[in-house]
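To keep things clear, I will list the structure first and then write my remarks on it.
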Amino acid sequence: AAATVTSAKLTLYNIRARGHNTNDVIVCQKVTSGWNNQQTWMMGVPTAVAAPGVVCPAPDASVYQEDPAQPAAVSQAYAITGMQGLVQGWMASPGSNYGVMLSSTTDINFRFASSEYSTVSVRPELEITYTTGTPMGPPPTVTVTPPPANATSTPITVTRTASPSAAATGRTAT
């Protein structure tokens, strides 16, 4: 059955920050062309378009470090929400999944842990919530009726319903 993405959140961990404040803006875009790990900064940046609905929060200015060569004392979680449209599109057309590109409208200096980062707990995480198909209705109900107290035999009546639209027939066993 086809899945419907109801929410998607990308959590990255900032492992180094330098000279940023709450006026800084990070932008998440959908990459629309192939690229490789050697294409970073301004060397062959892939093409990208706006990712509607994606929300990048303002950076936490409290994680400022004077020396960018030093790792952050505490890795700061940075959650990008509203990615369900992107993920649903990737599911519908897997060949269109070239990933996302983060950029900034200001001179911000962040370093996020990668999927190869030595501390596993701060590697990127994509959390997806989804549903599959149409629910089949309520679960079946089974009712067992004991025999009357004055019965000479012990009949048991079992009644069940298997769907919300049609009840199954009952059965009596002696």
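Since every read-out is calculated from the coordinates, none of them should be taken as a lab result. Quick caveat, the model's predicted, so the values are computed rather than measured. Counting neighbours? That spans all protein chains shown, and the Cβs are built from the backbone with ideal geometry, glycine included.
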- Per residue of the range 109-115, in order, report the coupling 6.51 cos²θ - 1.76 cosθ + 1.60 (Karplus, θ = phi - 60°) as ³J(HN,Hα) in whole Hz, putting x for Gly and Pro. 10, 10, 9, 9, 5, 9, 5
- What residues qualify as long-range amide H neighbours of V27, i.e. H under 5 Å apart, gap of 5 or more or another chain, H built at 1.01 Å from N? S103, S104, T105
- Non-local amide H neighbours of V54 (under 5 Å, H modeled in plane, Pro and chain starts lacking H): which ones? none
- Excluding E116 itself, what net charge comes from residues whose Cβ is under 15 Å from its Cβ, given Lys and Arg +1 and Asp and Glu -1? +1
- Note on the structure: Under 11 Å by backbone N from the virtual spin label 7 Å along Cα-to-Cβ at V27, the residues of the range 93-125 are 102-106
- Task: Starting from the amide H of I15, placed 1.01 Å from N in the peptide plane, find each other amide H under 5 Å away whose residue is 5 or more places distant or on another chain.
- Result: R111, F112, A113
